[in-house]
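K.L.:
Quick one: the structure is below, questions incoming.
The values are calculated or read from the model by the stated rules, or taken from the named source; none is laboratory data. These figures come from a predicted structure and were not determined experimentally. No Cβ is skipped: glycine too gets one built from the backbone with ideal geometry, and neighbour counts run over all protein chains shown.
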């Protein structure tokens, strides 16, 4: 752990740090080494405990930080729903420890050579929690009426899905108008492939169905109770289709909106697990040193995100590429990461994070390292010389209101840019207001938030760059910029079936957008898990927080 | 003057005045002691107070000098406190005086309006106003003033209801004094003591409302205010509690000063305390 | 009988105010950037335009503003508070579910604050400008000036983590659901710190007002007369002084109903209590108009009734005042 970050060296002044980049590099390496050491410690907690036999029983208490409007993952794709709904309902396919697709409700699959037909063979003998059998009719219903119609990102993914044929109870054939790369679908289904019971949803509006707040699924835990504003309870499913699972008796999700209060409850022994960076950076760093807890990014590699700087091209200054590059060069990202984000973030290299083994093009794409002199030179060259009081022009920065890191980042951006003569006014908004102002009204100069990478660039990444996005669609290209070359690369990659060619196309994409820089994504983060050290079989897949926890158990 | 002598007789009131003057002095001297932008990056984040002579009160989680923010924050708090209180008192006293004195339909109408503002919990109205009009310093100040006037109105009205039938008022009427003269010249000075004490309450509430907004991250992030610092310190409350504690103490001291002064004024202006 | 007719008249007189408030808040929120679908998108972490359009139609947000307002008022006339877009349940049900914790919290805080404010205010006034007065007044001011959220968090650190005397949050223990008397004790334990946190500010207010008002009254002529008559000091206080000194205090209770709900937003957030305060904050942030207006409606009724009772008590305390004005 980099103690420099925690306490501050009394004898080092700010000037030293800013100028001495070599020392920074060395210490950053040291920080990475120590964090790697910590990571290695928990890389495979199972290795140390492989000899133990799972203990049956126990209650696992989870920190539920932001209450959602409903609990059905077939209708809403977000970690806030999976943390509960993912234990009760199951997906067709999930990710295994290496991040490769593994069948859950589906046993096997195959794609036709033209990529327009994908057949899933479903597992036999699975029943819903109310006793009715799980069949391909449920898959057909969910795909056509929920994934395609209402599921965020699901509707884009299944845009060209025309029908799901069900020749028998164990077969579901997905028919597409345009070729669907099999590995894209398989990578998307863990998040976008949860199945709901047709017999409960077939009459009436699926969104108004009471089962959305009392879900019925096939998963290892059965829904018991939801006290709005307080807790959700689910009990062990004795008829679960996997033998000898689950181990836990009960899971309780406690609603705690205040992060400091959640940390207090963890320390008081009232919580076992806080998912998805649910505590403050400072508390997470502190609990990392407490033997009772394990603090790790393992198990969240599938939920990588990048911090963004979004440029509004409608501002004349920002439409000039030299200005955008100057802004990037003016910000000392490694310094920010080391001093403000601790071990929980690293330098990003573009829209595809390094955790994406299938698509990460490597660090050799256009980058913009900290270089204040270069920033000043570019701004001068673009014709924006400092005027009265050293100001060249001022900008309004809209930060998204979620995440402590965004708030720290926006302050740091403000401080850094004021040093090159660009004063920044930070404009605060709440969630709905932020989305409206940035993605609908375009009432911003700079915006910063999170870009969530969902295992495949085609799901929620390329929309940040593809032109033609409808006004008001959040987390899409609303910058007033478009590039037909980039559009073509994106479209080709979305329908390319050959995985090797696809990866190359996305590498091309990253190169193009890093050169043009309509959005800068300089920081890469993975969510952090804080969990009771007694937990076993945790963090064993890249999206562990969202999986069904059928193998989770608590030691004595 | 008699009142000043009476004021000075109370050690608490004098202490309060001194404390208030210190806060005002901090506000005035801020740009002289800390010529740089208090929100600029000054050093490594989360340096402890008294550990580095450059940062006597340490740095916050954005690497900014806490002492500088405390000095500049005095300006913002006094500004918000003063302006919002002025707005609230002005509206409230006028509404309450006329309602209490005249009674009847004027009272009914004014009280319905007051009730309208009061039935909406003031913090909720504040949240709605900030959600609608934004989180800049101006909107926050006006919003705080706008949600604070009903209490003063009610208090003033209660005093007026009590006083308007008193002997000295009746005497004034007999002497032929006009309503306005009676309201402003005779009754108001007697009605004011609880209002003055309450004005200090309003000012304290105004400062605390702004800090609550900052706690919920809804205040203006572009100025160095104590509330913003408390909100920032919320994320490091357990270990680096000083980031929230120091501005909290500053707020406490200012509110204390304002209240002691208000109390001292009440005791000084209250003629019936003569001789105690 | 007279009281009933007065109550009826007061309620009838309040209806226009009620309508005005509801229309006012409705229109005000229309100007807020973003609507409930934007807030929902923010929460979901993703969404496309088609989904957004569908949702807007579903919530009736694609109608014109007058049409929406008209719909709302028409439903209100039939006492239908509408459907909550956050919870997918009728607003009335949502509010009723969240009412008990808030009522309990507010009652506990108010009782604590009123009782101790009265007690200490009287003590301070009787010992005016001597050391008990200074001590009590200063302590009161310190309590007043302490931001409630900071006090709450520190209280959790001290009492829940280090001393482990009291729970760190929540309304009741959910590991083991209690019944009967044990449930009451369990809930009471969970409410100690929140009630203390919320009540501390009001304690300070009551203290100061009581003291100021006592001082005013203690020097009035009729008190001096009573003293001259040789009556015992305590008797003077309780029979003559207190009655009049209580007038501003009683007025304040009427004022505090609304303020407490506002203060409970922060306290409920720190202690994770499932009350109306947090619900109100959520409905502002998520632009759930129906729920927000429902809460406004309910709190309006609450404040109106409390103020009415206060005026009645007031008239009883001071016979020179008549309720009809």
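K.L.:
Which of the residues spanning the stretch A:469-490 are without any contact (Cβ under 8 Å) to a residue 12 or more places away in the chain and within 24 Å of the chain's Cα centre (by Cα)?
P.N.:
Answer for the stretch A:469-490, where residues must be without any contact (Cβ under 8 Å) to a residue 12 or more places away in the chain and within 24 Å of the chain's Cα centre (by Cα): A:469, A:470.
K.L.:
Also: Going by the conditions given, is residue B:269 surrounded by 23 or more Cβ atoms within 10 Å (Cβ to Cβ) and more than 9 Å from chain C (Cβ to nearest Cβ)?
P.N.:
No; evaluated as a whole, the condition is false for this residue.
K.L.:
Of (1) surrounded by fewer than 23 Cβ atoms within 10 Å (Cβ to Cβ); (2) touching a residue at least 12 places away in the same chain (Cβ under 8 Å); (3) more than 30 Å from residue B:133 (Cα to Cα), residue B:178 satisfies all except one. Which?
P.N.:
Only one criterion in (1) surrounded by fewer than 23 Cβ atoms within 10 Å (Cβ to Cβ); (2) touching a residue at least 12 places away in the same chain (Cβ under 8 Å); (3) more than 30 Å from residue B:133 (Cα to Cα) is unmet by residue B:178, namely (2).
K.L.:
Is one or more of the residues making up the stretch A:241-248 out of contact with any strand residue (DSSP E or B) (no Cβ under 9 Å at 6 or more places or on another chain), more than 9 Å from chain C (Cβ to nearest Cβ) and at positive phi?
P.N.:
Looking for residues that are out of contact with any strand residue (DSSP E or B) (no Cβ under 9 Å at 6 or more places or on another chain), more than 9 Å from chain C (Cβ to nearest Cβ) and at positive phi, one finds at least one in the stretch A:241-248, hence yes.
K.L.:
What about residue B:90, is it over 29 Å from residue A:407 (Cα atoms) and assigned to a helix (DSSP H, G or I)?
P.N.:
yes
K.L.:
Could you list, in sequence order, all residues of the stretch A:136-157 that are without any contact (Cβ under 8 Å) to a residue 12 or more places away in the chain and more than 10 Å from chain C (Cβ to nearest Cβ)?
P.N.:
Answer for the stretch A:136-157, where residues must be without any contact (Cβ under 8 Å) to a residue 12 or more places away in the chain and more than 10 Å from chain C (Cβ to nearest Cβ): there is none.
K.L.:
What is the residue count in the stretch B:214-242 for residues that are facing another protein chain (nearest Cβ under 10 Å) and part of a helix (DSSP H, G or I)? Walk me through it before giving the result.
P.N.:
We begin by selecting, within the stretch B:214-242, every residue facing another protein chain (nearest Cβ under 10 Å); these are B:214-222, B:226-227, B:230-241.
So of that shortlist, the ones also part of a helix (DSSP H, G or I) come out as B:214-215, B:226-227, B:230-236.
Summing the residues that are facing another protein chain (nearest Cβ under 10 Å) and part of a helix (DSSP H, G or I) in the stretch B:214-242 gives 11.
K.L.:
Turning to a different aspect of this structure: What's the number of the only condition in (1) within 10 Å of chain C (Cβ to nearest Cβ); (2) in contact with a helix residue (DSSP H, G or I) (Cβ under 7 Å, 6 or more places away or on another chain); (3) at pLDDT below 85 that residue B:165 fails to meet?
P.N.:
Checking residue B:165 against (1) within 10 Å of chain C (Cβ to nearest Cβ); (2) in contact with a helix residue (DSSP H, G or I) (Cβ under 7 Å, 6 or more places away or on another chain); (3) at pLDDT below 85, the one that fails is (2).
K.L.:
Given the residues C:247, C:218, which is the only one that is under 28 Å from residue C:148 (Cα atoms), touching a residue at least 12 places away in the same chain (Cβ under 8 Å) and buried (at least 19 other Cβ atoms within 10 Å of the Cβ)? It would help to see each step written out before you state the result.
P.N.:
Details: C:218 fails: under 28 Å from residue C:148 (Cα atoms).
After ruling out the rest, the residue left standing is C:247.
K.L.:
Another question, if that's okay. Being within 13 Å of chain C (Cβ to nearest Cβ), exposed (fewer than 14 other Cβ atoms within 10 Å of the Cβ) and in contact with a helix residue (DSSP H, G or I) (Cβ under 9 Å, 6 or more places away or on another chain): is that true of residue A:472 here? Outline the logic, then answer.
P.N.:
Working: within 13 Å of chain C (Cβ to nearest Cβ): yes; exposed (fewer than 14 other Cβ atoms within 10 Å of the Cβ): no; in contact with a helix residue (DSSP H, G or I) (Cβ under 9 Å, 6 or more places away or on another chain): yes.
The answer is no for residue A:472.
K.L.:
Pick from C:83, C:58, C:26: which is in contact with a strand residue (DSSP E or B) (Cβ under 7 Å, 6 or more places away or on another chain), more than 18 Å from residue C:303 (Cβ to Cβ) and surrounded by 15 or more Cβ atoms within 10 Å (Cβ to Cβ)? Even if it seems obvious, please write down each step before you answer.
P.N.:
Details: C:58 fails: in contact with a strand residue (DSSP E or B) (Cβ under 7 Å, 6 or more places away or on another chain); C:26 fails: in contact with a strand residue (DSSP E or B) (Cβ under 7 Å, 6 or more places away or on another chain).
Just one listed residue meets the conditions, C:83.
K.L.:
Among the listed residues C:170, C:180, which satisfies the condition of being over 30 Å from residue B:192 (Cβ atoms) and touching a strand residue (DSSP E or B) at 6+ places or on another chain (Cβ under 9 Å)?
P.N.:
On the way: C:180 fails: touching a strand residue (DSSP E or B) at 6+ places or on another chain (Cβ under 9 Å).
Every option except C:170 fails the conditions.
K.L.:
Test of understanding: among B:174, B:254, which residue is at the interface with chain C (Cβ under 9 Å from one of its Cβ atoms), at pLDDT 80 or above and farther than 30 Å from residue A:400 by Cβ?
P.N.:
Working: B:174 fails: at the interface with chain C (Cβ under 9 Å from one of its Cβ atoms).
The match here is B:254.
K.L.:
Within the stretch A:206-240, can you find the residues that are in contact (Cβ under 8 Å) with a residue 40 or more places away in the chain, farther than 23 Å from residue A:148 by Cα and more than 14 Å from every other protein chain (Cβ to nearest Cβ)?
P.N.:
Once the filter is applied, which keeps residues that are in contact (Cβ under 8 Å) with a residue 40 or more places away in the chain, farther than 23 Å from residue A:148 by Cα and more than 14 Å from every other protein chain (Cβ to nearest Cβ), the stretch A:206-240 yields A:220, A:221, A:222, A:223, A:237, A:239, A:240.
K.L.:
Please state which of the following conditions residue A:421 fails to meet, knowing it meets all the rest: (1) within 13 Å of chain C (Cβ to nearest Cβ); (2) part of a loop (DSSP other than H, G, I, E, B); (3) in contact with a helix residue (DSSP H, G or I) (Cβ under 6 Å, 6 or more places away or on another chain).
P.N.:
Tallying (1) within 13 Å of chain C (Cβ to nearest Cβ); (2) part of a loop (DSSP other than H, G, I, E, B); (3) in contact with a helix residue (DSSP H, G or I) (Cβ under 6 Å, 6 or more places away or on another chain), residue A:421 fails exactly one: (1).
K.L.:
Return the only residue of C:208, C:239 being under 23 Å from the mean Cα position of the chain (by Cα) and at pLDDT below 80. Talk me through it step by step, then tell me what you get.
P.N.:
Values: C:239 fails: under 23 Å from the mean Cα position of the chain (by Cα).
None of the other options fit; the residue is C:208.
K.L.:
Assess whether residue B:83 counts as being closer than 29 Å to residue B:230 by Cα and at pLDDT below 90. Spell out the reasoning first.
P.N.:
Numbers: closer than 29 Å to residue B:230 by Cα: yes; at pLDDT below 90: no.
No; evaluated as a whole, the condition is false for this residue.
K.L.:
Hey, another quick one. So which residues in the stretch B:107-146 are out of contact with any helix residue (DSSP H, G or I) (no Cβ under 8 Å at 6 or more places or on another chain) and either closer than 22 Å to residue C:253 by Cα or more than 8 Å from every other protein chain (Cβ to nearest Cβ) (or both)?
P.N.:
Residues satisfying the conditions are B:109, B:136, B:138.
K.L.:
Something else: Which pairs have Cβ atoms under 7 Å, sit 6 or more apart or on different chains, and link a residue in the stretch B:40-54 that is under 19 Å from residue B:235 (Cβ atoms) and within 7 Å of chain A (Cβ to nearest Cβ) to one that is part of a loop (DSSP other than H, G, I, E, B) and at pLDDT below 85?
P.N.:
The qualifying pairs are B:44/A:8; B:46/A:8; B:46/B:240; B:47/A:8.
K.L.:
Of the conditions (1) at pLDDT 90 or above; (2) in a helix (DSSP H, G or I); (3) over 18 Å from the mean Cα position of the chain (by Cα), residue A:389 clears all except one; give me its number.
P.N.:
(1)
K.L.:
For the stretch C:104-132, what are the residues that are within 14 Å of chain B (Cβ to nearest Cβ), without any contact (Cβ under 8 Å) to a residue 40 or more places away in the chain and assigned to a helix (DSSP H, G or I)?
P.N.:
C:131, C:132
K.L.:
So, of the residues in the stretch C:282-294 that are in a helix (DSSP H, G or I) and either more than 7 Å from every other protein chain (Cβ to nearest Cβ) or modelled with pLDDT of 85 or more (or both), which turns out to be farthest from residue C:60 (Cα to Cα)? Break it down stepwise before answering.
P.N.:
To start, the set of residues in the stretch C:282-294 that are in a helix (DSSP H, G or I) comprises C:282-285, C:289-294.
Next, from what is left, pick out any that are either more than 7 Å from every other protein chain (Cβ to nearest Cβ) or modelled with pLDDT of 85 or more (or both): C:282-283, C:289-294.
On the way: C:282: 20, C:283: 17, C:289: 12, C:290: 12, C:291: 15, C:292: 17, C:293: 16, C:294: 17 Å.
By that ranking, first place goes to C:282.
K.L.:
Limited to the stretch A:431-453, what total is found for residues that are crowded, with 23+ Cβ neighbours inside 10 Å and at the interface with chain C (Cβ under 8 Å from one of its Cβ atoms)?
P.N.:
Looking only at that region, the number is 5.
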